[in-house]
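Let me begin by presenting the structure, written as structure tokens, before commenting on it.
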Amino acid sequence: MTKKLLFICMAAFMVITAACSNNNNGGDTKTSNSTNTPKETAAEETTKPVEKVTFSYFNGVAAAKDTNSNETTIGKILEDQTGVNFKIEHLVGDLNTKIGTMIASNAYPDVMLPDAAIDKILDAGAFIALDDLIEQYGPNIKRVYGSYFNQMKAEDGKIYFLPFSNTVGEYIPDPNINQGAFWIQRRVLKEAGYPEIKTLDAYFDLIKNFVEKHKDEDLTGMVSLTHDWRFFATSNPPNHLAGYPNDGNVIVDMTTFDAKTYAADDNTKRWLQKLNELNADNLFDKASFVDNYDQYLAKLTSHKVVGFFDYGWQFSNAQNALKDAAKQDPTQDDFVYFPLPVTFDGQKDQYLDPPGFVKNRGLGITKSAKDPARIIQYLDNLLTDENQILQRWGIKGDTFEVDDKGRMYRTAEQIVKIDESFNEKFGFKYYSWNWPLYGNGSSLPDGNSVAPGLQPEVFQMSLTNEDKTILEKYGVKTYAELFAAPDDRPWYPAWGIPKEQGSEQQIWETKKDEITKKYFPKLVLAKPADFEKVWTEYITAFGKLDTAAYESWTTTEVKKLIEAAK
């Protein structure tokens, strides 16, 4: 088949799927086309392109096995629709080293998710502009991202990548904790009589007492993730402990909207001094500063780590493995981690994300791509209502059901079936994120949540008896109820404000990261008597940065976003 004929076939397919999508957006209260049945898939085969192609996709953020997308159930259905397969490679080792090698060789995969190294990719000119491709082949991209286009444009006015956190439809809050929290093994809370833990001192006392009572178990009181770009899991807690959400390097005053950095303020000093004390008591894992991400996850599943701070999405592989084990053997529930809204002094927490749009991360097509038009059509095809259901809910009758009121749900059997192994084989692990999609919190035209975990019926059904018991002990029905509701922040997240590679702001962040990665280990592992001396050295080094200029620039950008939201 010639390329011209192939495009004609694809165009016909897009018209059909776009029409289906538009019908769903008509406000019909009937269940949307929540029926990704094999029968319907077969019916669509009359319009599928026959010429198959495999593109390469590098994922710089997720930890998963490399695979071909057509080896998963979801990916095979999408290949049947489009003829496109993706050979997906995941990051192993250091992200900047991997990206640096690509830039040096000027050779890239067809599609990339460079995550924190996206500025380097953009600076190298590795992503192609998507504007013309979207205009020609992207009706669904325009429908889903159109209201965000102005925020997605680079300085030259062009769009180079598609982010993932766009909200489509009515916003639905997450009953789980995929954001930040201080986590602790459930057995610790059970043994202590399910105490209310609101302060950092109470949290550390809980860990200390448990380890003291279980000396024969060779437990680690606390670990902290520091590997590569994930260092923020160690540098962000002072911000949260002070009662603020994850705005990256700054705390934004809710009255003046001035942005102030906290890496060298009293909050960070207090946090590091607490870790220093924990280390002096042999309750902190010194290897935290040398372990890689995989080693960190392995420790979390070892049953030996009592507590840690992290974002739920970042250690989900470990938590899911612990949950799967607990489903098979309820006594293993003791080792599942429970989130706590800890702050320094018990002030109001702000761990839960408000609705926001992260515009400095996303997936782009590189200048090495063999057929950008074919790729953008694949990405556009992902954004039909039907394929969003396929990516997140799966196939009706297999991984979800629809009741007589049009509400989508999962049976108990389906919930048990969908463990980590199933997620990999079916493709949820590869398709529920890291592609253009309806972001978390989005809803379908019929009111169903795009994400099953955010559908109240599914969340309640997914709870084990042990989940229900511990939630009842704390008087809540969801994990999110343990945390304060997020305040409205039109700029959120401030870390998502794009910065040009080589700009003063980007250079400040790079140097700040270098200084914190050098001094934080020294501060935590120093003898307590030497902490003040090392802190002074750190402050001296940090003081050489033009932090005032960084804060002024961020404040200006925050206030621009506030005005734009009015």
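Annotation: amide H-H contacts under 5 Å for Val305 (H modelled 1.01 Å from N, sequence separation of 5 or more, or interchain): Thr220. Here's the picture: charge each Lys and Arg Cβ at +1 and each Asp and Glu Cβ at -1 in the chain, and of Pro238, Ile118, Tyr194 the one pushed furthest to the positive end of that dipole is Ile118. Heavy-atom accessible area with a 1.4 Å probe sorts Glu51, Glu79, largest first, into Glu51, Glu79.
DSSP beta bridges fully contained in the chain are about 60 percent antiparallel. Taking the square roots of five times each eigenvalue of the Cα gyration tensor of the range 260-375, the equivalent ellipsoid has semi-axes of 32, 25, 17 Å, listed largest first. Counting heavy atoms of the protein chains alone, Thr97 has an accessible area of about 90 Å² for a 1.4 Å probe.
Taking the Cα centre of the range 508-556 as origin, work out the dipole magnitude from +1 charges on Lys and Arg Cβ and -1 charges on Asp and Glu Cβ, in debye rounded to 20.
For the range 508-556, the charge dipole is close to 200 debye.
From the helices alone, meaning DSSP H stretches of at least four residues, give me the mean residue ellipticity at 222 nm for the chain, per-run term -39500 (n - 2.57), in deg cm²/dmol to the nearest 500.
-12500 deg cm²/dmol
Expressed as a whole percent, the proportion of Cα-Cα pairs in the chain lying more than 31 Å apart is 50%. All C-alpha to C-alpha distances of the range 357-485, sorted into 5 Å bins beginning at zero, yield P(r) values of 2, 9, 16, 18, 18, 15, 11, 6, 3, 2, 1, 0 percent in whole numbers. Report Lys120's accessible area, 1.4 Å probe, all protein chains in place, as a number in Å² to the nearest 10. The value for Lys120 is about 80 Å². Only Cα pairs under 8 Å and 6+ residues apart enter the sum, and on that basis the relative contact order of the range 480-566 stands at 42 percent.
Each Lys and Arg adds +1 at its Cβ and each Asp and Glu adds -1 at its Cβ; summed about the Cα centre, the chain shows a dipole of about 580 debye. The equivalent ellipsoid that matches the C-alpha gyration tensor of the range 189-282 spans semi-axes of 29, 16, 11 angstrom, in descending order.
Looking at the chain, the accessible area is 42 square angstrom per residue; that uses a 1.4 Å probe and ignores ligands, DNA and RNA. One equal scatterer on each Cα of the range 102-147, no solvent, Debye formula: the resulting log10 I(q)/I(0) at q = 0.24 Å⁻¹ is -0.92.
Of Pro355, Leu340, Thr366, whose Cα points farthest to the positive end of the dipole of the range 333-374 (charges on the beta-carbon: +1 Lys, Arg; -1 Asp, Glu; origin at the Cα centre)? After comparing all options, I get Thr366. If you take all other residues with their beta carbon under 13 Å from the beta carbon of Glu413, and give Lys and Arg +1 and Asp and Glu -1, the sum is 0.
Near the amide H of Phe55, within less than 5 Å, lie the amide hydrogens of Asn85, Phe86, Lys87, all on another chain or at least 5 residues away, with H placed in the peptide plane. Pairs of Cα atoms nearer than 8 Å and 6+ residues apart set the relative contact order; for the chain it is 24 percent. Dipole orientation for the range 479-534: of the candidates Ala485, Ile497, Ile507, Ile507 has the Cα lying most toward the positive pole (charges on Cβ; Lys, Arg +1; Asp, Glu -1). The solvent-accessible area of Lys425, taken with every protein chain present and a 1.4 Å probe, is close to 150 Å². Working ranking of peptides 427-438, 268-279, 140-151 by packing, defined as the average number of other Cβ atoms within 10 Å per residue, highest first, is 427-438, 268-279, 140-151. Under the membrane-span-like helix rule (DSSP H runs whose alpha carbons stretch at least 24 Å along the helix axis, mean Kyte-Doolittle hydropathy 0.5 or higher), the chain yields 3-24. Label-to-label distance for Lys527 and Asp266 is 2.9 nm, based on points extended 7 Å past Cα in the beta-carbon direction.
Peptides 201-208, 325-332, 383-390 ranked from most to least packed give 383-390, 201-208, 325-332, packing being the mean of other C-beta atoms within 10 angstrom over each peptide's residues. Counting protein heavy atoms only, the chain has 51 percent of its accessible area on carbon and sulfur, 1.4 angstrom probe.
Is the C-alpha gyration tensor of the range 329-384 telling us rounded, prolate or oblate? Criteria: a/c under 1.5 is rounded; beyond that, a/b larger than b/c is prolate, otherwise oblate.
Prolate, since a/c reaches 1.5 and a/b exceeds b/c.
Could you tell me which GluC sites (Glu not before Pro) in the range 469-566 are loop residues by DSSP with no more than 12 other beta carbons within 10 angstrom of their beta carbon? Hits after loop and neighbour filter: nothing returned.
Which of the three applies to the range 439-566, rounded, prolate or oblate, going by the alpha-carbon gyration tensor with a ≥ b ≥ c and a/c under 1.5 meaning rounded? Because a/c hits 1.5 or more and a/b fails to exceed b/c, the range 439-566 counts as oblate.
Once the convex hull of all Cα atoms in the range 462-505 is built, its volume per residue stands at 148 Å³.
The values are calculated or read from the model by the stated rules, or taken from the named source; none is laboratory data. In this text, all values refer to a predicted model and were calculated from it rather than measured experimentally. With ideal geometry, Cβ positions are generated from the backbone for all residues, glycine too; neighbour counts draw on all protein chains shown. Please note that ligands, DNA and RNA were not included when accessible areas were found on the heavy atoms of the full protein model with its side chains. Shrake-Rupley method; radii C 1.70, N 1.55, O 1.52, S 1.80 Å.
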